[in-house]
Amino acid sequence: MTAFRNISDKPIKAIVYTHNHADHIIGASSFIEDKNNPPDIWAHERIIKEMKRSFSTVNGATFTRAMRQFGVLLPESVNAGIGIKLKYGDPANNFGLVYPNKFVSKAVTDVTMAGIPVQIIHIPGETDDQIGVWIADRKIFLCADDVYRAFPNLYAIRGTPSRDLMQWVNSLDIMIELGPEYLIPSHTRPLQGKRYIKETLTAYRDAIQYIHDQTVRYINQGLTKEEIVDLVKLPPQLAAHPFLREFYGTVAWSVKGVFTSYIGWFSGDAVDLAPLTPKVKAEKMVRLVGANKLMDAAKAAYKEKDYQWALELSSHVLRANIDNTEARDIKIDALSSLGAKQISANGRNYYLTSAFEEASEINIKEKKIKIRENAIKVIPVAQIFNALPVRFKPEECSSMSEQLYFEFTDIDQHVVITIRNSIAIVTESPSSTYDVKVSLTETVFKEIISSRTRALTAYGIGELVVEGGLMKFRNIMGCFERD
């Protein structure tokens, strides 16, 4: 916002969320100068579903993996992939998410923003809710994250559903058909020149289709995803293209993403139907070979620069005996060496962050708690409750059968949690039947959830009213993981 104000003093009339990724939405509050007269915020209608998945469903896993992928906590990172540095979770920054108020659902939506006629075009690719903006009279297309100067992240190791490659190809075909003279990605520099843009978009879409087609070809030959990775390489003319260098996504990860998107986790080999857990396999390997021999082999592999094999062997020993410092040292060295070899910033950051974690020099959990507190402030109450079913602990509460009713006195919102058969069901409606009823405000609820206020304290000062017993309320809530 400061940078914008260096070149223009014009008021902000509209914001477009091109898609749901954090770097595209949670800084929005900085662009709202008058909270009493905020600009419209446009998004595709699918964004709410995607935000629910990101913030409520698998946010625990994806947060940890994103911190690794982007190298957020590394003391010295080269870059964050297609950005310089992701300062996610800096205590000086706020969680600046503002929910959109204008939604599009059609393939093309004509709107006027700040007096400029534009078309919002649905271009699913890196995400299903991706939208671009076409300013026809200036031949400008803002293509969001469907194009940037690096091989596309067709599968993100931070943890996302595999992207639909042919859907992405179709969106690139739409851009080619428009014939833009200016192409403005959300990451990396803009492109100028109709012919240059068409050539770049064509190479980009052809590379994605090539990965798709050849992976499917080998799937149909019965190969595993690891075997297909060894076979599928970009043709030389595409591999050399400046927009297809593997600085961000990689061909190998993309192949695996296509494999799982079409036929799921099972390789097709019966040995993979019920594989041993990594820990059980490690313990069996140690009993079979011996920890000393495994360590000798790991050291030899590292010396021969076979870092992957050194990593796998040392991990076996460490899983069997977490206190084996020699195995931990080899693992840290192998992770560091693998990181140093990576072209992809994502791969480099992931390996190096994992090495720092193994050395106890990085603690992602501490960062997660701080982010959680900031996020709770702006996330709607309903979305917080949507996270509860996947936090239920059946190992502790399998016999519980209760109905907990929340009444929010300041926002006219009602939520019921029904617990039965070791699951929790969340519904949003008033209820006349319940085992426990809790009345409170949204603010008090968020203070309790974020651990800034104890429920007992709120109850004692009258901010939390409980019918059915405070201890029963605490027992029910104790069935859900907090972190």
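The values are calculated or read from the model by the stated rules, or taken from the named source; none is laboratory data. Since we're looking at a predicted model, the values are computed, not measured. Note: ideal-geometry Cβ built from the backbone for every residue, glycine included; neighbour counts use all protein chains shown. Ligands, DNA and RNA are excluded from the accessible area calculation, which covers all protein heavy atoms including side chains. Shrake-Rupley method; radii C 1.70, N 1.55, O 1.52, S 1.80 Å.
Just to check your reading of the model, which residue among Thr112, Thr64 is at pLDDT 85 or above and surrounded by 16 or more Cβ atoms within 10 Å (Cβ to Cβ)? Among Thr112, Thr64, only Thr64 is at pLDDT 85 or above and surrounded by 16 or more Cβ atoms within 10 Å (Cβ to Cβ). The residue that is farthest from Thr62 (Cα to Cα), counting only those in the range 360-387 that are at pLDDT below 80 and acidic (Asp, Glu), is Glu373. The residues in the range 16-57 that are of a type outside the set (Ser, Thr, Tyr), open to solvent by less than 90 Å² (accessible area, probe 1.4 Å) and free of Cβ contacts under 8 Å to residues at least 60 places away in the same chain can be counted, and the count is 5.
In the range 379-392, the count of residues that are small (Gly, Ala, Ser), touching a residue at least 24 places away in the same chain (Cβ under 8 Å) and part of a helix (DSSP H, G or I) is one or more.
Among the residues of the range 268-290, which ones are under 30 Å from Ile208 (Cα atoms) and in contact with a Leu (Cβ under 9 Å, 6 or more places away or on another chain)?
Step one: list which residues in the range 268-290 are under 30 Å from Ile208 (Cα atoms), which gives 268-269, 272.
Passing the criteria: only Gly268.
Being under 19 Å from Asn475 (Cα atoms) and under 29 Å from the mean Cα position of the chain (by Cα) is the filter here; which residues of the range 385-399 pass it? Those that are under 19 Å from Asn475 (Cα atoms) and under 29 Å from the mean Cα position of the chain (by Cα): Phe385, Ala387, Leu388, Pro389, Val390, Arg391, Phe392, Lys393, Pro394, Glu395. Kindly indicate whether any position in the range 266-273 is out of contact with any Asp or Glu (no Cβ under 6 Å at 6 or more places or on another chain), among the acidic types (Asp, Glu), more than 25 Å from Phe356 (Cα to Cα) and surrounded by fewer than 18 Cβ atoms within 10 Å (Cβ to Cβ). Yes; the residues of the range 266-273 include at least one that is out of contact with any Asp or Glu (no Cβ under 6 Å at 6 or more places or on another chain), among the acidic types (Asp, Glu), more than 25 Å from Phe356 (Cα to Cα) and surrounded by fewer than 18 Cβ atoms within 10 Å (Cβ to Cβ). Among the residues of the range 325-349, write down those that are polar (S, T, N, Q) and either open to solvent by 40 Å² or more (accessible area, probe 1.4 Å) or over 19 Å from Gly71 (Cβ atoms) (or both). Across the range 325-349, the qualifying residues are Thr325, Ser336, Gln342.
So is Tyr262 hydroxyl-bearing (Ser, Thr, Tyr), open to solvent by 80 Å² or more (accessible area, probe 1.4 Å) and either touching a residue at least 40 places away in the same chain (Cβ under 8 Å) or out of contact with any strand residue (DSSP E or B) (no Cβ under 7 Å at 6 or more places or on another chain) (or both) or not?
The answer is yes for Tyr262.
Of everything listed in (1) among the aromatic types (Phe, Trp, Tyr); (2) more than 30 Å from Arg372 (Cβ to Cβ); (3) part of a loop (DSSP other than H, G, I, E, B), the single unmet condition for Tyr148 is (2). What number of residues in the range 325-362 are in a helix (DSSP H, G or I) and within 22 Å of the chain's Cα centre (by Cα)? Adding up the residues that qualify gives 14. Residues of the range 400-440 that are within 13 Å of Cys479 (Cβ to Cβ), small (Gly, Ala, Ser) and surrounded by 14 or more Cβ atoms within 10 Å (Cβ to Cβ): Ser422, Ala424. Give me a count of the residues in the range 115-140 that are open to solvent by less than 30 Å² (accessible area, probe 1.4 Å), not in a strand (DSSP E or B) and not hydrophobic (A, V, I, L, M, F, W, C). The number of residues fulfilling the criteria is 6.
Taking the range 160-255 and the helices (runs of 4 or more DSSP H) fully enclosed by it, the elements with 2 or more residues that are among the hydrophobic types (A, V, I, L, M, F, W, C), within 29 Å of Lys85 (Cα to Cα) and open to solvent by 10 Å² or more (accessible area, probe 1.4 Å) are at 236-239. Filter the range 449-476 down to the residues that are touching a strand residue (DSSP E or B) at 6+ places or on another chain (Cβ under 8 Å), open to solvent by less than 50 Å² (accessible area, probe 1.4 Å) and without any contact (Cβ under 8 Å) to a residue 24 or more places away in the chain and list them by number. Within the range 449-476, Ala458 is the sole residue that qualifies. Against the list (1) open to solvent by 60 Å² or more (accessible area, probe 1.4 Å); (2) in a helix (DSSP H, G or I), the condition Ile322 fails is (2). Just a yes or no: is a residue in the range 272-285 out of contact with any His (no Cβ under 7 Å at 6 or more places or on another chain), farther than 30 Å from Gly83 by Cβ, modelled with pLDDT of 95 or more and of a type in the set (S, T, N, Q)? There is at least one residue in the range 272-285 that is out of contact with any His (no Cβ under 7 Å at 6 or more places or on another chain), farther than 30 Å from Gly83 by Cβ, modelled with pLDDT of 95 or more and of a type in the set (S, T, N, Q).
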